[in-house]
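Colleague: I am attaching a structure below and will ask some questions about it afterwards.
The values are calculated or read from the model by the stated rules, or taken from the named source; none is laboratory data. Remember, it's a predicted structure, so these values are computed and weren't measured experimentally. Because the Cβ atoms are built from the backbone with ideal geometry, glycine has one as well, and the counts that use them run over all protein chains shown. Protein only, heavy atoms only, side chains kept; ligands, DNA and RNA dropped before computing areas. Shrake-Rupley method; radii C 1.70, N 1.55, O 1.52, S 1.80 Å.
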Amino acid sequence: MADCIFCKIVAGEISAQVVYEDDQFLAFEDINGQAPTHTLVIPKRHIDRLTDLQEEDASLVGKWLLVGNQVARQTGIAASGYRLVVNCNADGGQTVFHIHLHVLGGRAMRWPPG
């Protein structure tokens, strides 16, 4: 999508501090971090929101979570604990409409979150 900021990061049009990359996913530091470690994991293929996922995306979603775990290990937060968050639509807190997984850690997380 031409106007999607995350698609522009994937295309190299906007720079980001990349933490992980493979053929399907890109992970980079959130510019507005909400924890000492706050990384976003996105599929390179544009998908607006969770509700747009189809049955054929099941393996993509599984790998997405595995990449989130890999990012937690790479950034040093896996052993102490971390949170994985996906927001869906405006009331769910989604502000960029390209699905993304927040990997948050580096401090104790509280509940409820919002």
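Colleague: How many Å² of accessible area per residue for the range 18-114, probe 1.4 Å?
Modeller: 56
Colleague: Leaving out ligands, DNA and RNA, what percent of the accessible area of the chain is carbon and sulfur, probe 1.4 Å?
Modeller: Carbon plus sulfur share of accessible area: 51 percent.
Colleague: Using only the alpha-carbon atoms, how far is helix 58-74 inclined from the longest principal axis of the chain? Give it as 0 to 90 degrees, nearest 10.
Modeller: Helix 58-74 sits at roughly 40 degrees to that axis.
Colleague: Springs between alpha-carbon atoms under 10 Å, Gaussian network over the chain: tell me which of ALA90, ALA78, ALA16 tops the mean-square fluctuations.
Modeller: ALA90
Colleague: Quote to one decimal, in nm, the extra length available between ALA2 and TRP111 on full extension: 0.36 nm per residue of separation minus the C-alpha distance between them.
Modeller: 35.5 nm
Colleague: Then there is this: Let me make sure I get this right: for the range 1-86, a, b and c are the square roots of the gyration tensor eigenvalues over alpha carbons, sorted descending. Under 1.5 in a/c it's rounded, otherwise prolate if a/b > b/c, else oblate. Which is it?
Modeller: In terms of gyration-tensor shape, oblate.
Colleague: Subtract the Cα-Cα distance of ASP57 and ALA11 from 0.36 nm times their separation in residues, and report this length gain in nm to one decimal.
Modeller: Length difference between fully extended and current span is 14.4 nm.
Colleague: What relative contact order, as a whole-number percentage, does the chain give when Cα pairs under 8 Å and 6 or more residues apart are counted?
Modeller: About 29 percent, as a whole number.
Colleague: Test of the criteria: in the range 51-114, which trypsin sites (Lys or Arg not before Pro) are in a DSSP loop and have at most 10 other Cβ atoms within 10 angstrom of their Cβ?
Modeller: The qualifying sites are ARG110.
Colleague: So, one more: Could you list, by residue number, the cysteines of the chain that have no other cysteine's beta carbon within less than 4.7 Å of their beta carbon?
Modeller: CYS88
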